[in-house]
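Below is one structure; the comments refer to it alone.
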Amino acid sequence: MKFTRRDVIRTTAGAAAGALGSRLVGSTAFAQEGLTYKPEDGAKLRLLRWSPFVQGDEDQWLKNTKRFTEATGVEVRVDKESWEDIRPKAAVAANVGSGPDLMLVWFDDPHQYPDKLLDVTELGDYLGKKYGGWHDGPKQYATREGKFLGLPLATIGNAIVYRESWVKEAGFSEFPKDTAGFLELCKALKAKGHPAGFTHGHGVGDGNNYAHWLLWSHGGQMVDEKGKVTINSPETLKAIQYAQELYKTFIPGTESWLDVNNNRAFLAGEVSVIANGISAYNTAKVNKDNDPKLAEIAKDIRTTNLPIGPVGKSVELFQVTTAVIFNYTPYPNAAKAYLQFMFENPQMSDWITSSAGYCCQTLKAFDNNPVWKADPNNAAYAKASATLRPNGYAGPLGYASAATMADYVLVDMFAKAVTGQATPQEAMEEAEKRANRYYRV
Amino acid sequence: MAVPSVAVQQGPSMLSRLAESRNALSLGFMLPAAALLLVFLTYPLGLGIWLGFTDTRIGRPGIFIGAENYEYLWSDSVFWLSVFNTLLYTVSASILKFVLGLWLALILNEKLPFKSFFRAVVLLPWVVPTVLSAIAFWWIYDSQFSILSWALQQMGLIDHRINFLGDPTNARASVIAANVWRGIPFVAITLLAGLQTIPQSLYEAATLDGASRWQLFRHVTLPLLTPIIAITMTFSVLFTFTDFQLIYVLTRGGPVNATHLMATLSFQRGIAGGQLGEGAAIAVAMIPFLLAAILFSYFGLQRRRWQQGGGD
């Protein structure tokens, strides 16, 4: 569904009218078409979100929140934590039954404590219907048995970020689109003294993204549709063998890399190719005026999607964040109203634009946000929500998929094999054994 | 009929009797501390032990499954690797902290110029929040930007960067070194306090008897310092065994779980992975080791001969 100018005017006018109306008559509800939540008297909300990687994201989120407060009179306190610390905080809040009313959580989190989250199916259906439907991948993270446990907020895309001049120097006029060509490029780059670098350490985002791409691009999978562990397979073996060859072209030390190491090494000119969110490029772009070296790098950076493997199509994990409301909140209507407000067109459009390519829309109506064409490097991240594959593919999301990822089963399998601590077969068998412990449920 | 009035002799009130009772007062004064211990120590410990026997997950109460978690852990290579890492980490770091801390304490006990200044400086690693010092070490050990690698390269001693946190052996040595740096001040300052309680007259008498510096240390300093050493090292071992922050910031247990301690694995499985029961079981598995350290110190302290520097 395309989002027309008429829709924009109508929705914006609705929000504006709501804001104006609330001021005039003192009502705490704001006007929206089709679905209206009236916040409870005296409602105050607290939201915990992740620290921004692109400053515009947080700035716009806070601006949108301010708009909501102006429209409804409901105060919203927004706290932030490092993104990796959100999961433990959310787990504690769910278990204890106390904490922020809303949280922006990651990956399978909503499936770990579905009973502790407010059912927002009505709101999810309303937004889906109004904005052209949800992209399937993010929706899976936020729904269980047909019910919305939260609202899929955004996908943080992951793409190849590379130095164009070095790739050309290595003899490649364009970036290879398949895994075989990619390996050849990395070999050539290494020979020219510009190695690649992909995280083999316990990096929650980058480590898992890279490991899942390796596995899926070769046709391997952790489990089948029924949740039976199938990691020990010829496809996985091929993925590991490929990873071993690729690893030889890396800068030393990638097995110790956490989530920020690849950005740092890339921006310091130590590596030529990494896989990352738009934040790596954005850092160079934003700081180019103050740092001539970064200006040079920013000019040379290009992005593209990760190469396609023998499986024949683009298959990647990406990070998905979902906005959830805990059912202990004393203000469920206010919380729903807040999420509705943040997802409605004026706010969501502004937020996606300000996120500068970091946050990919989950509602199809926002696919044509101008941000994806504002900079050629943003394009590689534009379809992240449309192409992602959920964690634990091809099985269901839940306790087992979350625990398997949290325990770095896949990341360790590749790391163990590429560093020579185990043969590919041994690494695969150990991963199978570890995964079986979680998928026994 | 008139009711005869009975003269009732009023004794001291219950409250005043309680106020004068030594037993009641003792109990009253102890109650707040006991309540705190119960709420913040006994209850969490009991809950942890109980959770270890259940299949509790985040957001979902579990059911009693007996020793199933422990059976799984028994066959889990990553768990046993974490036990090995924890013991290696604790033993190596504790020995190094003791040797270096004692050496530092002895130096600081001498008559030095600017003694107070040096004592304050020695405390710095202990004062800095663990996470901050861990981040500093993260940079020091970075595979691309390590100042150590850079300095050694500049001196011509190495021709390539050291893979501090990527190689399992290097990673283990690196996290132990970071822990030692952080823990030395605690040992040094505590032992220094013990050294200052030793009467000078003992040294003077021994010197008059012709004792050498080594004999002074062996037969005067060490015996009188032994109780303090026992307490200090007990705490040091407990802190090291339960360390979490350094590992979490530096490696998250990597590479390939080579630096996972029992505490970090317990967190990873219990909180990040949502398997509260299993995480609790790992934490409970730490108790026997911790208990052994405490009992060793406790019984050691009871031994008069040991206190006096004698052997068993």
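The values are calculated or read from the model by the stated rules, or taken from the named source; none is laboratory data. Please read these numbers as outputs of a predicted model, since none were measured by experiment. Ideal geometry is used to build each Cβ from the backbone, glycine not excepted, and the neighbour counts take in all protein chains shown. Calculation scope for accessible area: heavy atoms of the full protein, side chains included, ligands and nucleic acids excluded. Shrake-Rupley method; radii C 1.70, N 1.55, O 1.52, S 1.80 Å.
Numbers below:
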read-out	value
Filter result for the condition that a residue is open to solvent by 10 Å² or more (accessible area, probe 1.4 Å), charged (D, E, K, R) and either touching a Phe, Trp or Tyr at 6+ places or on another chain (Cβ under 6 Å) or closer than 28 Å to B:Leu276 by Cβ (or both), over A:Glu432, A:Glu426	A:Glu432
Per-region count, the stretch B:68-87, residues free of Cβ contacts under 8 Å to residues at least 24 places away in the same chain and in contact with a Gly (Cβ under 9 Å, 6 or more places away or on another chain)	1
Flag if A:Val161 is under 17 Å from A:Ala335 (Cβ atoms), assigned to a strand (DSSP E or B) and either among the acidic types (Asp, Glu) or in contact (Cβ under 8 Å) with a residue 24 or more places away in the chain (or both)	no
Residue check for B:Pro4: open to solvent by 50 Å² or more (accessible area, probe 1.4 Å), at pLDDT below 90 and closer than 17 Å to B:Arg269 by Cα	no
Unique residue being within 14 Å of chain A (Cβ to nearest Cβ) and of a type in the set (S, T, N, Q) when the list is B:Thr259, B:Thr240, B:Thr207, B:Thr226	B:Thr259
B:Ile271 vs. criteria of a type in the set (A, V, I, L, M), assigned to a helix (DSSP H, G or I) and more than 16 Å from the chain's Cα centre (by Cα)	yes
Helices (runs of 4 or more DSSP H) contained entirely in the stretch A:44-119, each with at least 1 residues that are within 14 Å of chain B (Cβ to nearest Cβ)	A:83-96, A:109-112
Scan of the stretch A:43-85 for residues that are hydrophobic (A, V, I, L, M, F, W, C) and modelled with pLDDT under 95, ordered by number	A:Phe53, A:Val54, A:Trp83
Test result for B:Leu222, part of a helix (DSSP H, G or I), open to solvent by less than 40 Å² (accessible area, probe 1.4 Å) and among the aliphatic types (A, V, I, L, M)	no
Single match in B:Trp138, B:Trp150, B:Trp126 (criterion: under 30 Å from A:Gly269 (Cα atoms) and in contact with a helix residue (DSSP H, G or I) (Cβ under 7 Å, 6 or more places away or on another chain))	B:Trp138
Residues that are farther than 30 Å from B:Phe186 by Cβ and either within 10 Å of chain A (Cβ to nearest Cβ) or buried (at least 17 other Cβ atoms within 10 Å of the Cβ) (or both), drawn from the stretch B:144-162	B:Gln144, B:His160, B:Arg161
Unmet criterion (only one of (1) under 23 Å from the mean Cα position of the chain (by Cα); (2) open to solvent by 10 Å² or more (accessible area, probe 1.4 Å)) for A:Asn262	(2)
Residues (open to solvent by less than 20 Å² (accessible area, probe 1.4 Å) and either β-branched (Val, Ile, Thr) or more than 19 Å from B:His260 (Cβ to Cβ) (or both)) located in the stretch B:235-247	B:Ser236, B:Thr240, B:Ile247
Selection status of A:Thr143, polar (S, T, N, Q), modelled with pLDDT of 95 or more and under 30 Å from A:Leu214 (Cβ atoms)	yes
Every residue from the stretch A:287-299 that is surrounded by fewer than 16 Cβ atoms within 10 Å (Cβ to Cβ) and not in a loop (DSSP other than H, G, I, E, B)	A:Pro292, A:Lys293, A:Ala295, A:Glu296, A:Lys299
Filtered residues of the stretch B:75-124 (kept if surrounded by fewer than 18 Cβ atoms within 10 Å (Cβ to Cβ), modelled with pLDDT under 95 and within 14 Å of chain A (Cβ to nearest Cβ))	B:Ser75, B:Ser77
Subset of the stretch A:158-178 (residues that are buried (at least 18 other Cβ atoms within 10 Å of the Cβ) and under 23 Å from the mean Cα position of the chain (by Cα))	A:Asn158, A:Ala159, A:Ile160, A:Val161, A:Tyr162
Residues of the stretch B:50-69 satisfying the condition of being more than 11 Å from chain A (Cβ to nearest Cβ) and open to solvent by 60 Å² or more (accessible area, probe 1.4 Å)	B:Trp50, B:Phe53, B:Ile63, B:Phe64
Residue in the stretch A:245-259 that is out of contact with any helix residue (DSSP H, G or I) (no Cβ under 7 Å at 6 or more places or on another chain), open to solvent by 20 Å² or more (accessible area, probe 1.4 Å) and under 20 Å from B:Asn257 (Cα atoms) present	yes
In the stretch A:177-208, residue farthest from A:Ser256 (Cα to Cα) [restricted to those that are more than 13 Å from chain B (Cβ to nearest Cβ) and touching an Asp or Glu at 6+ places or on another chain (Cβ under 7 Å)]	A:Lys192
Candidate set: the stretch A:242-282, residues that are aromatic (Phe, Trp, Tyr) and within 11 Å of chain B (Cβ to nearest Cβ); chosen: the one farthest from A:Phe198 (Cα to Cα)	A:Phe266
Among residues of the stretch B:243-256, those that are in a loop (DSSP other than H, G, I, E, B) and within 13 Å of another protein chain (Cβ to nearest Cβ), counted	7
Flag if B:Gln215 is part of a helix (DSSP H, G or I), without any contact (Cβ under 8 Å) to a residue 24 or more places away in the chain and within 30 Å of A:Arg87 (Cβ to Cβ)	no
Residues within the stretch B:252-292 that are at pLDDT below 95, β-branched (Val, Ile, Thr) and open to solvent by less than 10 Å² (accessible area, probe 1.4 Å), tallied	0
